[in-house]
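J.: Shown below is the structure under consideration.
Bear in mind these aren't lab numbers, they're just calculated from the coordinates by the rules spelled out. Since the structure is predicted, the reported quantities are computational estimates derived from the model, not experimental observations. All Cβ positions, even for glycine, are placed from backbone atoms using ideal geometry, and neighbour counts span all protein chains on display.
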Amino acid sequence: MDTILFNELPAKSGKLGIITLNRPQALNATNEAMLIAMYQQLQDWAECSDISAVIIRSSNEKAFCAGGDIRALYQDLQAGKGPEDIDFFAHEYKLNYLIGNYPKPYICLLNGIVMGGGVGISIHGSHRVACQSLIFAMPETAIGLFTDIGSSYFFARMPGCLGRYLALSGARINVADAIYAGVVDYCISSQHFDDVIQSLAKAEFSEGSAHEMVNRVLEDYAIKADKSFYEEQQIFIDGIFCGETVEAILDYLSHDDGEWSQAVLAHLAQKSPTSLLVNLELLKRAEGQDLKFCLEQDYTVVQTMLGHHDFCEGVRAVLVDKDMSPKWQPSNIAEISVDQVKAYFATQGKKSLGL
């Protein structure tokens with residue numbers, strides 16, 4: 001079975017390029033071959049004058065894409081591959097950059113689980129559509145990694161300190177929260193996804209107005225999402241996650257007796273201390289930067305992170321043995337120095353994406 005499908009649907013003016021993620025047994029987790037195939041196809045469609053817009057969707061009702069195939073990377077590292085031999089992230093980040101700068105409308109139809117690498121192949125697109133079943137998250141700090149795929153670009157642009165909270169905690173949010181956070185543009189029932197495609201196929205695309213045409217079609221099907229929980233809690237979240245260090249954030253949480261604060265505190269205590277510190281530094285450095293900077297920074301950091309104990313240990317605990325009891329090294333934030341965190345961002349001796 002093909003894990004990714006490419007089709008061209010005749011449209012009234014031009015054609016629609018349709019990408020269908022088709023790896024249901026893995027909740028459409030992307031492997032290296034899928035990333036390479038998608039990159040090549042998108043390049044071809046970008047240069048094809050007959051293609052007016054691109055749509056990406058899932059064949060699976062449960063998930064758009066649960067992330068990258070991290071288990072396969074774990075197996076490669078366990079088999080003796082060094083971090084320098086892992087090409088997965090270079091292919092992934094180059095694809096993210098292509099999507100973020102795509103010259104034609106790139107329309108994402110999001111349903112169910114959208115996490116990690118699934119965020120990278122969707123949220124950077126020009127038109128982000130989600131249905132009510134959306135479960136959005138970047139949970140990388142739970143596996144000894146960090147929120148990559150250029151996510152620091154959009155986390156840094158979320159209201160207040162919401163991005164810091166979502167990145168550090170890996171919290172799951174729904175479609176109303178995602179719209180408030182600025183990572184989804186339209187809420188449309190999944191029952192109308194096929195109708196959206198057919199309406200776009202009937203649309204009259206013209207040079208210079210393709211994006212406006214897509215907006216008009218999507219607005220015809222859009223429904224109002226519920227009020228976001230995080231919109232109501234924004235001031236409270238800002239008061240905690242404004243802390244300039246992870247230690248400060250944890251201290252703010254520990255001094256609040258509220259149920260939510262104590263739940264978040266317990267949740268953060270389960271994360272890799274190294275991942276939390278590196279992730280916050282990543283977000284701070286991303287402020288005011290463009291997507292290229294964020295992806296290049298991700299590639300610099302991941303080359304060190306892959307060689308750190310916590311990545312393989314986190315994947316083992318969460319995805320392989322599933323005992324959910326990772327043994328982090330170091331196990332305490334206080335044991336990690338500022339210089340150790342800065343070392344993740346050092347570019348000397350590391351490969352560049354060359355964007």
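J.: When the chain is fully extended, how far beyond the present Cα-Cα distance does residue 235 get from residue 220, taking 0.36 nm per residue of separation?
T.: Working it through step by step, the gained length comes to 2.0 nm.
J.: If I take every Cα pair under 8 Å that is 6 or more residues apart in the chain, average their sequence separation and divide by the length, what percent do I get for the relative contact order?
T.: Working: 643 pairs, mean separation 63.0, N = 355.
Once normalised by length, the contact order is 18 percent.
J.: Compare 338, 129, 302 in a GNM of the chain, Cα atoms joined below 10 Å, and give the one with the largest fluctuation.
T.: The residue with the greatest mean-square fluctuation here is 338.
J.: Give me the percent of DSSP beta bridges within region 4-343 that run antiparallel, rounded to the nearest 5. Before the final figure, lay out each step's value.
T.: Values: 9 of 31 bridges.
Around 30 percent of the beta bridges assigned by DSSP in region 4-343 are antiparallel ones.
J.: Going by how many other beta carbons lie within 10 Å of each one, how would you line up 20, 347, fewest first?
T.: Placing the least packed residue first, the sequence is 347, 20.
J.: Which of 143, 70, 86 moves the most in a Gaussian network model of the chain with Cα springs under 10 Å?
T.: 86
J.: While we're on this one: Greater than 23 Å separation of Cα atoms is the criterion. Which listed pairs, 81/351; 94/224; 62/327; 292/342; 15/62, meet it?
T.: Numbers: 81/351 16 Å; 94/224 34 Å; 62/327 31 Å; 292/342 20 Å; 15/62 28 Å.
Among 81/351; 94/224; 62/327; 292/342; 15/62, the Cα-Cα distance tops 23 Å for 94/224; 62/327; 15/62.
J.: Report, in whole Å, the centroid distance computed from the Cα atoms of region 312-347 and region 1-32.
T.: Answer, in whole Å: 35.
J.: For a quick check: sort 331, 126 by the number of other beta carbons within 10 angstrom, fewest at the front.
T.: Numbers: 331 13, 126 20.
Least to most surrounded, the residues fall as 331, 126.
J.: Right, another one. Could you give the C-alpha radius of gyration of the chain expressed as a fraction of 2.2 N^0.38 Å, taking N as the number of residues it contains?
T.: Working: Rg = 20.2 Å, N = 355, 2.2 N^0.38 = 20.5 Å.
Rg over 2.2 N^0.38 Å, computed on Cα atoms: 0.98.
J.: Going by how many other Cβ atoms sit within 10 Å of their own, how do 146, 89, 229, 205 line up, fewest first? All intermediate terms of the calculation are to be shown ahead of the outcome.
T.: Working: 146 29, 89 25, 229 14, 205 22.
Ranking 146, 89, 229, 205 by Cβ neighbours within 10 Å, fewest first, gives 229, 205, 89, 146.
J.: In nm, to one decimal, how far is the modelled label at residue 33 from the one at residue 261, with both set 7 Å along Cα→Cβ?
T.: So the two model labels end up 5.2 nm from each other.
J.: Another one. Report Rg/Rh for region 149-204, rounded to two decimals, where Rg is the Cα radius of gyration and Rh the Kirkwood radius.
T.: Numbers: Rg = 15.0 Å, Rh = 13.2 Å.
Rg/Rh: 1.13.
J.: Between residue 8 and residue 189, 0.36 nm times their residue separation minus their Cα-Cα distance comes to what? Write out the running numbers ahead of the final one.
T.: Numbers: separation 181, 0.36 × 181 = 65.16 nm, distance 2.35 nm.
Contour length minus Cα-Cα distance gives 62.8 nm.
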